[in-house]
1. Can you give the convex hull volume per residue for the Cα atoms of the stretch 42-163, as a whole number of Å³?
2. Can you sort Tyr238, Tyr220 by how many other beta carbons sit within 10 Å, fewest first?
3. For the stretch 171-210, state the average projected area of the convex hull of the C-alpha atoms over all orientations, rounded to one decimal in nm².
4. Counting only Cα, what are the radius of gyration and maximum Cα-Cα distance Dmax of the stretch 97-199, in Å?
5. Would you work out which of Thr33, Ser222, Gly66 lies farthest towards the positive end of the dipole of the stretch 29-233, given +1 charges on the beta-carbon of Lys and Arg and -1 on that of Asp and Glu, about the Cα centre?
6. Which of the lysines could a cross-linker bridge to Lys127, judged by Cα under 19 Å and excluding same-chain residues fewer than eight apart?
7. Using only Cα atoms, tell me the angle between helix 4-17 and the longest principal axis of the chain; keep it within 0 to 90° and round to the nearest 10.
8. Which number comes out as Rg/Rh for the stretch 29-233 once both Rg and the Kirkwood Rh are worked out on C-alpha atoms?
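A short reminder: the numbers here are calculations on the coordinates, not readings from a lab. Please read all numbers here as calculations on a predicted model, not as lab measurements. Cβ placement follows ideal geometry from the backbone for every residue including glycine, while neighbour counts extend to all protein chains displayed.
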Amino acid sequence: MITVKDVFEGNRRHVEGCTEELYTAHLNGQAPTMCVVYCSDSRENIHIISDIEPKMGEIFTVENAGNVVDGSVSAIGAVMYCLTHLKTGELLVLGHTGCGAVTAVFGDYKSDRQVISEHIRVLENVKRIALHVVSRMEDCDVPMDEIARSDKYLSLASEINVDYQCEFVKSMLEREGIEGVNVVGAMHDLHRVYGGRNGGLYLTFGPGNDAGVKKKLVDYGSGRNVRDVMDELGVSFYKL
Ligand SMILES: [Zn+2]
C-alpha cells in the first residue's frame, strides 16, 4: 500500500540517483508531446496500464472523475493551455469500463454532497445521449432503467462520454481556429466487454493513425457520430 510517506522516501532515492542534467534540461519550461485526459480512478494511471516509461516533460496530464472536459473549467483550461500555449499536437481522452462517475449519473447522485453532485451533473448530457443511442440499437433489449446495472451498457455510456469529450475539445479548437491537433479517444477495458484480453486499450474516436485497433461498443447509426445525435436531441455543450 502506497502512502504519502512512501512518496517522500521515493523522492529521496530519486534525488540521490538522478543526474543534475535531468533537471537542468527542463528548467526553461516544458514541451510535452501528448496531452492526456483520464479518470482519477486508481486503476487508470497511464503508467500502470501501459509499459511506456514517460520521461520528465513528455506527457501533460489532466485527471478528474469521469475524464470530464466539458463543464469543467479547470479541465478545459488545462487542456487548452496545453494545446495552444505549449502547442502539443496530440490529445488522448481515455475512458474506462466500470467508470464510477458515469455510473453515478444514472443513479441518485443528486442526494450526494453538493460538491460531488455538481461534478456528476456535467455528465447529464452523456446520460441523455446514451439512453437515446441504446434505445435505438437493434440488439438492445435492456429496459432503460436497467442500464445502470449492466456492465455492457454502462461501458457503452463511458465510450459515449469519451466521444462527447473529444467532440467538445474539437469544437473548442475549431472556435479558436486551431488546426493540426490529433484528438483521439480510447477505452481501457477492465471488464472484457470489448471481447479481448483483460486490460485491452481500444481506439474509439479519431483517426489515431497507427495508434491501435478501432473497436466500438456504440453504434450511432450508419455514418453518424455523437455530434449528429446531439443535434437530433438538441443537446449542446455546457456554456462556461
Ligand atoms: Zn472512471
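1. On the way: hull volume 15.7 nm³, N = 122.
Value for the stretch 42-163: 129 Å³ per residue.
2. On the way: Tyr238 14, Tyr220 20.
Going from least to most buried by this count: Tyr238, Tyr220.
3. On the way: hull surface 14.5 nm².
Seen from a random direction, the Cα hull of the stretch 171-210 projects 3.6 nm² on average.
4. Reported Rg and Dmax, both Å: 15.1, 43.
5. Thr33
6. Hits, sequence-local ones excluded: Lys110, Lys152, Lys216, Lys239.
7. Between the helix axis and the principal axis of the chain, the angle is about 50 degrees.
8. Values: Rg = 16.4 Å, Rh = 17.3 Å.
Computed over Cα atoms, the ratio is 0.95.
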